[in-house]
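Shown next, in structure tokens, is the structure this report addresses.
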Amino acid sequence: MKYYKNKRAIILFLFPAVLFIAVFLYYPFFMSCYKSFFNWDGFATSTFIGFDNYKAMFKDLQVRQAIKNTFFMMFLACAVQVGLGLLLAIIVDHVSKGAKFFKTVYFFPIVISATAIGVMFKLFYAYDGGPLNNLLLRFGKEPVNWLSYEMALGSVSVPIIWQYVGFYFVILLTAINGIPQSLYESAYLDGITGITKTIYITIPLIWDMIKVCLVLAITGSLKVFDMVFVITRGGPMSATELLGTYMYKRTFFDNRFGYGSTIAVFIVFLGIVVSSVVNRVLRSEEITY
Amino acid sequence: MKNTQLETNSRVSMKKTKSLGIGKLVAYIMLILWAFTTIYPLAWVLMNSFKPSNDIILNSFNLPSSFNLMNYKNAFTKMSIGRGYVNSLIISGTVVVFVVLFGGLAAYILARFEFKGKKVIYTALLGSLLFPAFATVVPVFVMLYKMNLINKHVGLILPQVAGNLSFAIIVLMGFMKTIPMELEEAGIVEGCNTWQVYTKIIAPISKSSFATVAIFTFLWSYNDLFLSLIILRTKSVQPINVLLNEISSQYGTDYGLMTAVIAIIIIPVMAVYLAAQQFIIKGLTAGAIKG
């Protein structure tokens, strides 16, 4: 129909959105890639230095620490966030009553800003008079410095992981609810119930969704910034430094815009590589099933 | 059909109850334990926001002895939380309006019209969802600086609109494709132009997906710290999250004040969440790729 080929309407309607996305997403993204090869302070200095930023990055001990911490977060996100989400989804599906209530309640932390949650956990962890140490004192134990060099990464990861369990729970529960009841019925007639049912029927049938969740958990861990910045600023030393917080500091504390761009490009690269590796590894497992 | 399914379902679970009574009990205990971890911290914050800081240090697990609003008063008078609120509402409100407006228009064209380059645009939209804020923030900052938009609300609004558009277009497009062609054709036959068809037929039918997009966009913008921190550096223009971050590093030992400010940030979001749950859960899980 002619109506659907009206060039003027197409251009006018698409223009604002395309402009915004081009100017504020695509242009800066390619600019970041380009400027990652420059010694750039954002304004006056901008000298091409080839791969020097990249070389410097791989020698930077703080980057190494940040990579290590980021991988730790990824691992926890996959194992605990997605794992617990799956477990809770299976249990809710099993008990059948109260699903709506648990869905509502488990989603609470997701709608709240990471900033507010971060400040909240900073209070929980406070050495003097924080509720956790109060509890310890009440049981006659010594107070613990929750944000010390040794403990900080673990302490910071608790709210990060806790916040999104409900998210994977909802996605996986929706997937489980989508399994046709007839499949369960025939399994039931074959005497397959309980845990065997979960392992042989539920999990294989939602395997694709689990994979999606794992990829989301990985890319999600690469995006963490707010929570860590609020609780520890990446410290003490670089105990809780992540690639995102480190990129922010080098760019906006030291005006090393070129170096910051290099780290940003590396974050994108890491996201693509790790998710495709996970996808490939899990695909072969699906074939064996 | 559905009824018979339900019946078999309940029959199966009835038998299960007999054999797995303890299993079910354990299941409920686990579910309630996790529910406790998501409810209690919020309750703790709320409960302690009515106590003076000393009481929190001594006894943070008890209910407040009186309904003391001093912390809230401090937050508004000394910390100018009120202004932070207003800034947040201006920024996030504007972002929502533009995302809904521009996103809706683009979604309609992409859902229905035929033209060269449609596939390219769609792929570019999907691709842009993969850029984390880190990958764009440095050039965006320099650009805004050159346009003299640092420390201005517009400076934050522009990249936030861009950051939410792709997701909005994809969700709205998905819905608009399911609208029956006949509804639209009636308007076209009567001689309505594209704008009239869109505003009179398409947009009203798509109300629920617009609601999903609007709420999701609002939450994303209201909850953002990273971009706000970089673009808005003077106190008078900062949204509430940046203010909270600042207050926590300066007055972090005033537990009463901290709990009150957290409560002030959380309460409106929780109210919106409880009122519009289905849209939010749908929006946030659909927008999974974004964050």
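The values are calculated or read from the model by the stated rules, or taken from the named source; none is laboratory data. Computed from a predicted structure; not experimentally measured. Neighbour counts are summed over all protein chains in view; Cβ atoms, including those assigned to glycine, are modelled from backbone coordinates with ideal geometry.
Please enumerate the residues belonging to segment B:194-225 that are over 21 Å from A:PHE121 (Cβ atoms) and either outside any helix (DSSP H, G or I) or not assigned by TED's automatic domain parsing to the domain that holds B:ALA275 (or both).
Within segment B:194-225, the first condition is being over 21 Å from A:PHE121 (Cβ atoms), and the residues that meet it are B:194-218, B:220-221.
B:SER206, the sole residue that qualifies.
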(message) Cβ contacts < 6 Å: first residue more than 10 Å from chain B (Cβ to nearest Cβ), restricted to segment A:122-135; second residue aliphatic (A, V, I, L, M), any location; separation 6+ or different chain. Result?
(response) A:TYR125/A:LEU147
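Out of the residues in segment A:252-262 that are surrounded by 24 or more Cβ atoms within 10 Å (Cβ to Cβ) and out of contact with any Lys or Arg (no Cβ under 6 Å at 6 or more places or on another chain), state the one that is farthest from A:SER155 (Cα to Cα). Quick ask: steps written out before the conclusion?
Taking segment A:252-262 first, the residues surrounded by 24 or more Cβ atoms within 10 Å (Cβ to Cβ) are A:257-262.
Then keep just the ones that are out of contact with any Lys or Arg (no Cβ under 6 Å at 6 or more places or on another chain); that gives A:257, A:262.
Details: A:PHE257: 31, A:THR262: 29 Å.
It comes out as A:PHE257.
Would you mind stating whether A:LEU86 is on the phi < 0 side of the Ramachandran plot, in contact with a Leu (Cβ under 8 Å, 6 or more places away or on another chain) and touching a residue at least 24 places away in the same chain (Cβ under 8 Å)?
Working: on the phi < 0 side of the Ramachandran plot: yes; in contact with a Leu (Cβ under 8 Å, 6 or more places away or on another chain): yes; touching a residue at least 24 places away in the same chain (Cβ under 8 Å): yes.
Considered against the rule, which asks whether it is on the phi < 0 side of the Ramachandran plot, in contact with a Leu (Cβ under 8 Å, 6 or more places away or on another chain) and touching a residue at least 24 places away in the same chain (Cβ under 8 Å), A:LEU86 comes out as yes.
Quick grid of which residues meet (1) of a type in the set (D, E, K, R); (2) more than 29 Å from B:THR259 (Cβ to Cβ); (3) within 11 Å of chain A (Cβ to nearest Cβ):
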| position | (1), (2), (3) |
| --- | --- |
| B:ASN71 | no, no, no |
| B:THR77 | no, no, no |
| B:GLY82 | no, no, no |
| B:ASN148 | no, yes, no |
| B:LYS152 | yes, yes, no |
(message) Among the residues that make up segment B:189-205, is at least one of them within 12 Å of chain A (Cβ to nearest Cβ) and closer than 27 Å to A:VAL230 by Cβ?
(response) no
(message) Being of a type in the set (D, E, K, R), assigned by TED's automatic domain parsing to the domain that holds B:TYR122 and buried (at least 17 other Cβ atoms within 10 Å of the Cβ): is that true of B:GLU184 here?
(response) yes
(request) Go through segment A:126-153 and count every residue that is aromatic (Phe, Trp, Tyr) and either closer than 21 Å to B:THR259 by Cβ or surrounded by 15 or more Cβ atoms within 10 Å (Cβ to Cβ) (or both). (result) 2
(request) Please work out which one of (1) surrounded by 23 or more Cβ atoms within 10 Å (Cβ to Cβ); (2) within 25 Å of B:LEU172 (Cα to Cα) is the condition B:ILE90 fails and give its number. (result) (1)
(message) Could you check segment A:221-237 and list, in sequence order, the residues that are assigned to a helix (DSSP H, G or I) and touching a Phe, Trp or Tyr at 6+ places or on another chain (Cβ under 7 Å)?
(response) A:ASP226, A:ILE231
(request) Return the residue satisfying two criteria in turn: it lies in segment A:48-102 and is more than 14 Å from every other protein chain (Cβ to nearest Cβ) and part of a loop (DSSP other than H, G, I, E, B), and of such residues it is farthest from A:ILE218 (Cα to Cα). (result) A:ILE49
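Quick grid of which residues meet (1) out of contact with any Asp or Glu (no Cβ under 9 Å at 6 or more places or on another chain); (2) modelled with pLDDT of 95 or more; (3) of a type outside the set (A, V, I, L, M, F, W, C):
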site: A:TYR248; (1), (2), (3): yes, yes, yes
site: A:PHE252; (1), (2), (3): yes, no, no
site: A:ARG256; (1), (2), (3): no, no, yes
site: A:LEU270; (1), (2), (3): yes, no, no
site: A:SER275; (1), (2), (3): yes, no, yes
site: A:GLU285; (1), (2), (3): yes, no, yes
site: A:THR288; (1), (2), (3): yes, no, yes
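Just checking, how many residues over segment A:165-176 are touching an Asp or Glu at 6+ places or on another chain (Cβ under 7 Å) and either surrounded by fewer than 16 Cβ atoms within 10 Å (Cβ to Cβ) or within 12 Å of chain B (Cβ to nearest Cβ) (or both)? Full working, then the answer.
The initial filter retains those residues of segment A:165-176 that are touching an Asp or Glu at 6+ places or on another chain (Cβ under 7 Å), namely A:173, A:176.
With either surrounded by fewer than 16 Cβ atoms within 10 Å (Cβ to Cβ) or within 12 Å of chain B (Cβ to nearest Cβ) (or both) added as a condition, the list becomes A:173.
Going through segment A:165-176 one residue at a time, the tally reaches 1.
Restricting attention to segment A:215-222, does a residue exist that is under 15 Å from the mean Cα position of the chain (by Cα), under 30 Å from A:TYR184 (Cβ atoms) and more than 8 Å from every other protein chain (Cβ to nearest Cβ)? Steps first, answer last, please.
Our first condition is that a residue be under 15 Å from the mean Cα position of the chain (by Cα); within segment A:215-222, this holds for A:215-222.
Applying the additional criterion that residues be under 30 Å from A:TYR184 (Cβ atoms) yields A:215-217.
Next cut, more than 8 Å from every other protein chain (Cβ to nearest Cβ) only: A:215, A:217.
Scanning segment A:215-222, I find at least one residue that is under 15 Å from the mean Cα position of the chain (by Cα), under 30 Å from A:TYR184 (Cβ atoms) and more than 8 Å from every other protein chain (Cβ to nearest Cβ), so the answer is yes.
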(request) Would you point out which residue out of B:ALA124, B:ALA135, B:ALA111 is surrounded by fewer than 19 Cβ atoms within 10 Å (Cβ to Cβ) and under 30 Å from A:LEU243 (Cβ atoms)? (result) B:ALA124
(request) Have a look at A:VAL156, A:VAL230 and point out the one that is touching a residue at least 12 places away in the same chain (Cβ under 8 Å), more than 13 Å from every other protein chain (Cβ to nearest Cβ), β-branched (Val, Ile, Thr) and out of contact with any Leu (no Cβ under 7 Å at 6 or more places or on another chain). (result) A:VAL156
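Could you tell me which residue of segment B:127-140 is modelled with the lowest pLDDT, considering only residues that are facing another protein chain (nearest Cβ under 7 Å) and under 20 Å from A:VAL18 (Cα atoms)?
Per the criteria, the residue is B:PHE131.
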(message) I need the full set of residues from segment B:221-241 which are under 21 Å from A:ILE231 (Cβ atoms), in contact (Cβ under 8 Å) with a residue 60 or more places away in the chain and among the hydrophobic types (A, V, I, L, M, F, W, C), in order please.
(response) B:PHE226, B:LEU227, B:ILE230, B:ILE240
(message) Looking at A:TRP162 and the list (1) under 30 Å from A:VAL215 (Cα atoms); (2) more than 8 Å from chain B (Cβ to nearest Cβ); (3) touching a residue at least 40 places away in the same chain (Cβ under 8 Å); (4) aromatic (Phe, Trp, Tyr), which single condition is not satisfied?
(response) (2)
(request) Tell me which residues, restricted to segment B:45-92, are more than 16 Å from B:ILE265 (Cα to Cα), of a type in the set (Gly, Ala, Ser) and in a helix (DSSP H, G or I). (result) B:SER53
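Restricting attention to segment A:31-47, which residues are touching a strand residue (DSSP E or B) at 6+ places or on another chain (Cβ under 8 Å), part of a loop (DSSP other than H, G, I, E, B) and buried (at least 16 other Cβ atoms within 10 Å of the Cβ)?
Filtering segment A:31-47 down to residues touching a strand residue (DSSP E or B) at 6+ places or on another chain (Cβ under 8 Å) leaves A:35, A:37-40, A:45-47.
After this cut, where a residue has to be part of a loop (DSSP other than H, G, I, E, B) as well, the list is A:37, A:45.
Selection gives A:PHE37 alone.
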